[in-house]
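S.K.: Quick one: structure below, then a few questions.
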Amino acid sequence: MGEHLTLTASDGHSFGVYRADPAGTPKGGVVVVQEIFGVNQHIREVTDGYAADGYLAMAPALYDRSSTRDAVLGYTGDDVTAGLALRGEFSWDDSMQDVEATAQVMRDAGLKVGTVGYCWGGTISYLAGCRLDVQAAVVYYGGQIMPYIGESGRCPMLMHFGEHDHGIPLDDVRQIDAAHGEATVHIYDADHGFNCDHRGQHDAAVAALARERTLEFYARHLT
């Protein structure tokens, strides 16, 4: 369904993006923000899924700012180590520039724009909802929100967390919920990465429920 394109951020950096178009007129635009594993098969499948549901969906290759362009990683062993190393090579601000450039393509098409991010991308989606001109932001188990909990959301937010996620304490989730009245926070009987059917923590029922809530959220704010 999708195609690979190149965009340019405001600082002149060129980066890849995976773009999937719906069959008809788009309901809105969704920027899909990767995990630490790059725009891999799973993220492309997620992007295709939002297109199938009627949205122009685009996944920017954020690791193109790192030492390894076109990085595509799996979920075990050395790939995890490589993903963590690549993530550490640039800043949240760098990521914002690339998300903004992707969102601008959608604005130029006359669409309202939402973001959705997973794990590392969940925090980026949160920051986009605080810093960028987007109409909705969805967070799947964003584990690095706490240092930025004091930032004010500029749009409605929807957040999905797993009760058994050892990397994100439930106390942190409750603090995030209390600090952000613009956010709806759901906690599921699930582990980290429950949305991803390429990893062992996948929970099909929870993933389906979170997706249903996400699509309802987008229908309210993007269409």
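S.K.: In the set 56, 62, which member is farther than 20 Å from residue 143 by Cα and either at pLDDT 95 or above or touching a Gly at 6+ places or on another chain (Cβ under 7 Å) (or both)?
M.R.: The match here is 56.
S.K.: For the subset of the range 116-140 comprising residues that are part of a loop (DSSP other than H, G, I, E, B) and in contact with a Cys (Cβ under 6 Å, 6 or more places away or on another chain), which member is surrounded by the most Cβ atoms within 10 Å (Cβ to Cβ)?
M.R.: Among them, the one singled out is 134.
S.K.: Can you find even one residue in the range 74-88 that is part of a helix (DSSP H, G or I) and at pLDDT 95 or above?
M.R.: Within the range 74-88, not a single residue is part of a helix (DSSP H, G or I) and at pLDDT 95 or above.
S.K.: Another one. I'd like to check something: does the range 209-218 contain any residue that is modelled with pLDDT under 95 and either surrounded by 19 or more Cβ atoms within 10 Å (Cβ to Cβ) or not hydrophobic (A, V, I, L, M, F, W, C) (or both)?
M.R.: Scanning the range 209-218, I find no residue that is modelled with pLDDT under 95 and either surrounded by 19 or more Cβ atoms within 10 Å (Cβ to Cβ) or not hydrophobic (A, V, I, L, M, F, W, C) (or both), so the answer is no.
S.K.: Select from the range 17-39 the residues that are within 20 Å of residue 88 (Cβ to Cβ) and either outside any loop (DSSP other than H, G, I, E, B) or touching an Asp or Glu at 6+ places or on another chain (Cβ under 9 Å) (or both) and list them in ascending order.
M.R.: 33, 37, 38, 39
S.K.: Exactly one condition in (1) out of contact with any Gly (no Cβ under 8 Å at 6 or more places or on another chain); (2) in a helix (DSSP H, G or I); (3) of a type outside the set (A, V, I, L, M); (4) at pLDDT below 95 is false for residue 104; which is it?
M.R.: Result: residue 104 fails condition (4) only.
S.K.: What are the residue pairs meeting all of these: first residue in the range 187-203, first residue more than 19 Å from residue 44 (Cα to Cα), second residue modelled with pLDDT of 95 or more and not in a loop (DSSP other than H, G, I, E, B), Cβ atoms under 6 Å, and 6 or more apart or on different chains?
M.R.: Sorted first by the residue in the range 187-203, then by its partner, the pairs are 187/161; 188/162; 188/206; 190/162; 190/206; 191/162; 192/162.
Rundown of residues vs (1) at pLDDT 95 or above; (2) under 17 Å from the mean Cα position of the chain (by Cα); (3) surrounded by fewer than 20 Cβ atoms within 10 Å (Cβ to Cβ), yes/no style:
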| position | (1), (2), (3) |
| --- | --- |
| 147 | yes, no, yes |
| 150 | yes, no, yes |
| 153 | yes, yes, yes |
| 162 | yes, yes, no |
| 170 | yes, no, yes |
| 180 | yes, no, no |
| 189 | yes, no, yes |
| 196 | yes, yes, no |
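S.K.: Only residues that are over 27 Å from residue 147 (Cα atoms), assigned to a helix (DSSP H, G or I) and among the small types (Gly, Ala, Ser): list them for the range 167-206, please.
M.R.: Answer for the range 167-206, where residues must be over 27 Å from residue 147 (Cα atoms), assigned to a helix (DSSP H, G or I) and among the small types (Gly, Ala, Ser): 204, 205.
The values are calculated or read from the model by the stated rules, or taken from the named source; none is laboratory data. It should be emphasised that the depicted structure is a prediction, and the values quoted were computed from it without experimental measurement. Quick reminder, even Gly has a Cβ in these numbers, built from the backbone with ideal geometry, and neighbours come from all protein chains shown.
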